[in-house]
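> Pasting a structure here, questions to come.
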Amino acid sequence: MSETSSDDAEGNTPNPSANRRGREAASSGSQKRARRDPQLDPPQSRAGDSPRDSGGLHHGDHPPVKANNAPHSSSAPSPTEDDPHNAEHISEESTWALPTSNTADHVAQYGVLESVHLQNFMCHRRFEVHLGPNVNIISGPNGSGKSAVVAALQLVFGAKSSLTERGRKLSDHIRVGAATAEIGVRLRNRRNELELVDGRYDPDAYGDAIVIRRRLSRAGTSTWSFFDAHGRRVPLQRSPRQELEAIMDHFFIQVNNPVAVLTQQKSKLFLTRGKDTDLYNFFMEATYLRDVKASLVAVRAQAAEMRSIYQGKEGELPRLRAELKKREEAYNEARSMESIEQTIAELKRRHVWALVTEAETELQCAADEHAKSGERLADGAARAEAVQHELDERARALQEATEALRRANEAMSTQLEADAEIEAESRQKRSELRRLEAEVERLRAAMRARDEERARIQEQMEELQRRSTSRDTAAAETHREMERLLEVEVRLRRDAEQKRAHCAHLQEQLRRLKADHTLAQNQRHAREASVRQAERALHEMQSSRRDRRTAFGGEAVLALCRDVDAASARGAFHRRPLGPIGSLIELRDPKWAIAVEQCISLGVLAAFIVHDQADAQTLRQVAERGGHRPPRMIVQNMDRAEYHMPPEQLPPAELMSVNTQIVVPGQQPAVRNVLVDHAEIELHLLFESADDARRAAFELRPRHAKVCWSALGDRAQLGGGGSNQYRAGPDPTRYSARLGGDVERQLERQRAALEQERQQLEMSRVREQQVSDSLHSAQTQLQQLTLGVTQLENEERATQATIQVLQERLEDAAATAGVADPGVFRERLATIDSEVRALQSQLDEALEAAEAGRAAWHRAEQRGSRRQQEAEQREQTRQQLTAQCRALATEQAKLRAELEALERGMQSERQQLERIAAEMEQLQERVYAERQRAEAAAGPRPDGPVENSRKLQKEIVVLEARLSAEQERHAGRSLAQLRQHFEEARAAYAALAREMDRLRDALERIEHSLGERVRTFVRLRAHVQRHVSAYFSYYIHQRGHHGSIRFDDRAQEMRLRVAMGHHRTGDGQLQFSKDLKSLSGGERSFTTLCLLLALGEAMEMPFRVLDEFDVFMDEANRRVAYKTLIDLAKKESLRQFLFITPLALPDVRTDPERVRVVRLMPPDRHASNAEQTTMNDFAPSDIAVAS
């Protein structure tokens, strides 16, 4: 996110000091964030308080002390402070020291600068410098771009362009030739484990670092962007300028304070301005005491204005006193009309009691009508109760029929699975029968082929007998061997075919078993999940008997609530968080528990309500410290009243909504407001059944309604353009409502559900084991059959090879003989006969097997027929149950319609009764009011007959006409009016007198409080002045010099008295210089540095920047100045210092762990593509070249 601003709007520079004026001078202490506004809570200062207690030193340091006999004394007043006349006679051997800091072993973890990035800014095209957490020194010749770092720091934190002293507007800082420039800083945002208070800023959004970037344009506009430690843009909940102010206010960054950021020009002006009044104004501005003084002056002006108002009101008293006297005289003269008024009063007294009697008569008539209506309503209620009882009976019968129908459906599902297995077996038998029939046909075809071959051979034999009678014995043997081998081949092929068919059957069975095994595993997993869910629900329900909160998060939420109570007792929250929300609400009727839970959602019911974002952050921290999972949090102003929802924006009042069923004990409007905001409970309607909910949502479509719910959680949503949606509710046998209901009954039902789930899980495991065993057995059989088929195929191939060899041998013999041998034909005939006999035997076997297969198939078919008949019977039973359910539902609908008609009639009768009751109530109120008015105006009820009110009214009119004639003499005023005017004048006079008393008391309190605040301001200013003077003496003594500061608050002057160590009088005493212009440039620069350091000790800031503070110092002063700065910075390890100088660094020993030194060279302004090298070095001799 970003914000665009122009140079004209730079007057609105974010300045956290404007929001916390005087806080630093008031109280910084060890917890530096806990500052107070002196306008509202002036700090108390006592004589002898240490600077640390009043905002002087930080992190355990002590004030400077004079090291005589007690070098570490706890009190150290300045020599010039106790005895200013002897300041010139300070001993040359006196030494000053600061005790070592107990925090020097660690550095700041938040609020300090990690790096500064410049792009197209001033003389830099691209420049980035990484800074250490303690001491940073940037040196380089003039023109190398050192001061650009200071200007970038001022502008990125929103300072005016003129304060940078580098340009009057933003565009003056953009590099020549560039259209835009970008400046950015990276602030450290880590947790300091040694501090009890977490000083980080929004660590959830930014992490360990905050990156702030500002883009400048030639048009004079600029935009801020914010990124986290990983470079991701942070979405903001407010404007970028407000985010920047919040960051600066959190870390107390002050770029407009010259003590925090001392630029070149301010350093030079500070050296040249010699007026004591300018120094005093600088002191008041740097310590924000000027703002505190201005606030006191404004309060004094307001007190003077109140004094003027009091004096003006005091002049009104004589006029009111004269008016009171005049009206009193007029009242005394008008008492002559009192007799007529008394007669009128008596008539009015009788008139009002006549009105009371008439009202009582009307009330009695209404009471009689109310009693008759009540009797009719009682009769209707009795009939409705009877219908409701009959409706409950039908509902129970319908539930039993529905349960029987469910069992029938489950039985049919089981039967369908068994029928599928029988059908598969029947198909298998039919396939086997077809295979056997095909084998029979093959054998018959083979026998026919053998018969044809026998006839052909016999013809050939008859032909050969005529030609030759010789036989070849060897050929006959070969034929016999071939016949035998052919028989073997046929047998092997038959056995292989049978085993292959068996393998195919086993493979099909194996596929079904694998599918069944997968299904059984899935069912077991589902049952295990159901058992775990049921056990968890039972545990939560058992815990909820002790505490309702456990129903919305278990024992963990109780532990979190205990931690929240402890944190609330410590005052960590603005308002104690409320939660879980579900434990804070109740239901008027527990039967709507499921519907209400589905409407609101368990996520909202388990959430906590917090007052603001600060409480949300605190609750998150409390949960993390306690090892709890942070709960869902909803921010809601707990001081806001309960929402008022106009009836015209709600569904019809006669329909029941979720809002009307929810009761919030304890009058906590924030709970109901959250439910309205996040669940829209006023727009969700409740109905008894799912049919009623669907009919209301899809047909009636009530106005402003969004969702219709049934008591079992069925959801019917009203969609625009007819896009309605319906969703069935949860299974009531497995769902346990957390809101309302009988806990013991729910526990019993949950235990039964858990036991049922466990039984079903055990059945699933047994089923899975059975299927697994069958699967393993089938796999083993398949492996054995596959091995047998392979062996038969090998034997068949070997037999075929042998037959081939024999055939080749016969062919060779026939070719050699030249003529066919008739014996061969006879042998062949014998072989054919043998084959025919074998084929006949096989045929007989095949016919027997086919007959057996046909019988098995017929048996499977018969069993399937029986199962089909059973299925038809079950279907018939199911249809009967369905018809019974429909009949019961129809009867239930009729009874419900009758009940609704009775309820409508009763409702109408109730409305009539309510109307009569309202009329009676109005009449009672009227009677009561008339009686009260009569008793108040006319006293007790008069005895005697009741008079007509109209007649009395006429008499009153006549007397009032006579009275009006008398009133003309008194300007038309009655005696009561004259008395009223007199009383009003007396009351006005008394009211003004009381107001004057209150105003006088308030003015005295304000003036007294103002005096106390002024005295507190004077003490605070004196304390800060002593603090600054003591540190100034300490720092200037580091060079062997002496000095003090004297303040003249009446003349508004601050005088510096400095004695250089080598400036002596004729008798060897120190010679003080009252005018800094008498000092050399180096001495004046060193004195100025000491004053700035002393002022800085009175302020609380994460980092300080000094630019070219040493340009007028000689080498000796510079060396002492740097040593002093580095020693101070190392002691103040939780602060960051950035020193910028154009001169060569003096020979000062530095600590690489604490001090980072970077040298710059002038950038090459003629190179178009040169870029600045990123600097991240600690070595003092490193040089970085800027582009």
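The values are calculated or read from the model by the stated rules, or taken from the named source; none is laboratory data. Fair warning: this is a prediction, and the values are worked out from it, not measured in the lab. Note: ideal-geometry Cβ built from the backbone for every residue, glycine included; neighbour counts use all protein chains shown. Note: accessible area is taken over every heavy atom of the protein model, side chains too, but ligands, DNA and RNA are not part of it. Shrake-Rupley method; radii C 1.70, N 1.55, O 1.52, S 1.80 Å.
> Ignoring ligands, DNA and RNA, what percent of the 1.4 Å accessible area of segment 490-613 is carbon and sulfur?
Carbon and sulfur atoms account for 47 percent of the accessible area of segment 490-613.
> Would you list which lysines come within 25 Å of residue 313, measuring only between C-alpha atoms, while excluding same-chain residues fewer than 8 positions from it?
Output for residue 313: 325, 326.
> Where does the charge balance sit around residue 373 when Lys and Arg score +1, Asp and Glu -1, over other residues with C-beta under 12 Å from its C-beta?
Taking every other residue near residue 373 into account, the sum is -3.
> While we're here: Suppose R0 equals 51 Å. What FRET efficiency, 1/(1 + (r/R0)^6) with r the Cβ-Cβ distance, do residue 555 and residue 246 give to the nearest 0.05?
Computed FRET efficiency for residue 555 and residue 246 comes out at 0.85.
> Moving on. Distance in nm between label sites at residue 309 and residue 525, each 7 Å beyond Cα in the beta-carbon direction?
7.9
> Right, here's the next one. At 1.4 Å probe size, put 283, 573, 1112 in order of accessible surface, largest to smallest.
In descending accessible area the options line up as 1112, 573, 283.
> Just the accessible area for residue 431, please: 1.4 Å probe, Å², rounded to the nearest 10?
That residue has around 70 Å² of solvent-accessible surface.
> If you keep only loop residues by DSSP, which GluC sites (Glu not before Pro) in segment 585-652 have at most 13 other Cβ atoms within 10 Å of their Cβ?
Nothing satisfies the criteria.
> Going Cα to Cα from residue 591, which lysines come in below 25 Å? Please leave out same-chain ones fewer than 8 positions away.
Counting by Cα, and skipping residues close in sequence, residue 591 has these lysines nearby: 706, 894.
> Once the piece of chain linking residue 991 and residue 762 is laid out straight, how much longer is it, given 0.36 nm per residue of separation minus the C-alpha distance between them?
So the extension gain works out to 73.6 nm.
> Hey, which aspartates and glutamates would be in cross-link range of residue 499, C-alpha to C-alpha under 16 Å, not counting anything within fewer than 8 residues on its own chain?
432, 439, 489, 508, 793, 795, 796
> Multiplying the sequence separation of residue 998 and residue 375 by 0.36 nm and subtracting their Cα-Cα distance, what value in nm do you get?
Result: 218.0 nm gained on full extension.
> Let me ask another. Given 0.36 nm per residue, what is the gain on full extension from residue 965 to residue 810 after removing their alpha carbon distance, in nm?
That works out to 39.0 nm of additional length.
> Using 1/(1 + (r/R0)^6) with R0 = 35 angstrom and r between the beta carbons of residue 984 and residue 1012, what's the FRET efficiency to the nearest 0.05?
The computed FRET efficiency comes out at 0.25.
> Using +1 on the beta carbon of Lys and Arg, -1 on that of Asp and Glu, and nothing else charged, what's the dipole of segment 507-612 about the Cα centre, debye to 20?
It comes to approximately 180 debye.
> Still on this structure: Which value, in debye to the nearest 20, gives the size of the charge dipole of segment 984-1135 about its Cα centre, when Lys and Arg are +1 and Asp and Glu are -1 at the Cβ?
So the dipole magnitude of segment 984-1135 works out to roughly 320 debye.
> If you rank 999, 1091 by how much accessible surface each has, with a 1.4 Å probe, what is the order from largest down?
999, 1091
> Using a 1.4 Å probe, how large is the accessible area of residue 763, given in Å² and rounded to the nearest 10?
130
> Grab the beta carbon distance between residue 562 and residue 617, set R0 = 22 Å, and tell me the FRET efficiency rounded to 0.05.
0.65
> Sticking with this structure for a sec: With point charges of +1 on the Cβ of Lys and Arg and -1 on the Cβ of Asp and Glu, referenced to the Cα centre of segment 98-234, which listed residue (206, 107, 217) lies farthest in the positive direction of the dipole?
The residue sitting farthest along the positive end of the dipole is 217.
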